[in-house]
Amino acid sequence: MVMLKLDAVGLCLVLGVGCIGSVQADESPDVVFYRYIDSRGVTVLDRQGVPAEYSGKGYEVLNQRGRVIQVVPPAPTADQARKAQAAAQAAKIQSDADAQLLHLYSGVTDVDRARARKLAELDALISVAQSDIQNLKTQQASLQSQAADQERAGHQVQQALIDQMSDLQDQQQNLKVDILRYQTAREQADTEFAQDRARLQQLLSQ
């Protein structure tokens, strides 16, 4: 069903016959018609425009010959708007990251050198921590030997000696945690440099 809000020209547009004189009398190229669906599901043709309550649902603009010259899509739903906003934010983040990447590196060889430096730094930290653990184990073994000597002599192990051994054990545990953290950082850095290298190569090839 079509509801018409038309003058003589609009009527000619719909009927297509019997009003040629009227159509020619109003040949202005500015004459347009708006076609939309109202709240009852009725298709409406209106020369005055689309009411605000229907414009968000989308409509079509027709010229005086009945040809669609513009299609205005429905306004996005709240979910579509959220997705579009999220996509725009993601694109902005990627654009900023690309700009930073191009600022930091002039080529993939720069990325390779930076990667090598970072991994070497982390490897050095791991090596130092492992060496410290070995030193602590040596100290702990010496204290344990002293404690054993006291026990063999029939004496109670001194509390200060027990505290020292406990402290050495805690230090070793902390260093093991540090080593795990360094190893995790190394894996992450290696992955990130590989991603940066691939992205930079893509950007430079464009």
For segment 106-205, size of Cβ-based charge dipole, Lys and Arg +1, Asp and Glu -1, in debye = 360
query = If you stretched the chain out fully between residue 134 and residue 75, how much longer would it get, using 0.36 nm times the residue separation minus the C-alpha to C-alpha distance?
reply = 14.4 nm
Cα lying deepest toward the dipole's positive end in segment 100-171, options 168, 108, 150, charges on Cβ = 108
key: Length added when fully stretched, residue 110-residue 95, from 0.36 nm per residue minus Cα-Cα   = 3.4 nm
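Computed from the coordinates by the stated procedures, all read-outs in this text should not be read as laboratory data. All of these numbers come straight from a predicted model, not from anything done at the bench. Reconstructed Cβ throughout: ideal geometry from the backbone, glycine too, with neighbour counts over all protein chains shown.
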